[in-house]
Amino acid sequence: MKLYYRIPRTVHRIRIDLLLSTNPEVEIPDGMHQNHFVYLNGLATAPLYFLLYHKLLGWDRRINSSQQWQREKATDVDYHDVLRLCDILYRKGVKPLEKTHGGKTYLALFRKRSDAFGGRYEQVVARRFENIGL
């Protein structure tokens with residue numbers, strides 16, 4: 001099931017992903033609380049650094065998948081999403097690894113996944129990751 005939200009007074013709609021803390025595969029750190037979320041038009045949205053973490057999580061799972069279509073999505077979709085998020089984080093002045101409320105495990109996994117992504121796409125990613133402290 002997909003959930004969409006139509007942005008008021010526009011023709012735009014966005015897909016909503018519901019992250020339930022009871023699902024360990026989603027990897028929501030214990031340190032994430034309601035006050036860490038960003039509210040837009042009354043909707044709680046995940047902060048950009050958390051979105052980047054989950055894009056890297058999805059990329060990591062897909063790039064290592066035994067299924068060809070998953071690996072293709074990792075390079076055709078996830079790759080570009082990660083780069084765009086890095087650019088947005090840079091413009092906003094956000095450095096994901098400075099968000100320590102996620103805890104040591106979360107930060108270590110963030111570093112591990114960003115290193116794997118950077119290692120695979122070193123030429124393109126190095127400056128972007130450096131700009132946001134990864």
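Numbers for the structure displayed
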read-out	value
Qualifying helices (runs of 4 or more DSSP H) (wholly inside the range 36-110; at least 1 residues being open to solvent by less than 60 Å² (accessible area, probe 1.4 Å), of a type outside the set (Val, Ile, Thr) and touching a residue at least 24 places away in the same chain (Cβ under 8 Å))	48-63, 79-92
Residue match in the range 111-125 (condition: hydroxyl-bearing (Ser, Thr, Tyr), free of Cβ contacts under 8 Å to residues at least 40 places away in the same chain, outside any helix (DSSP H, G or I) and surrounded by 13 or more Cβ atoms within 10 Å (Cβ to Cβ))	no
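The values are calculated or read from the model by the stated rules, or taken from the named source; none is laboratory data. Predicted model, so just to flag it, every value in this text is computed and none were measured. As a convention, Cβ positions derive from the backbone with ideal geometry for all residues, glycine included, and neighbour counts pool all protein chains shown. Heads up: the accessible areas ignore ligands, DNA and RNA and are worked out on the full protein's heavy atoms, side chains in. Shrake-Rupley method; radii C 1.70, N 1.55, O 1.52, S 1.80 Å.
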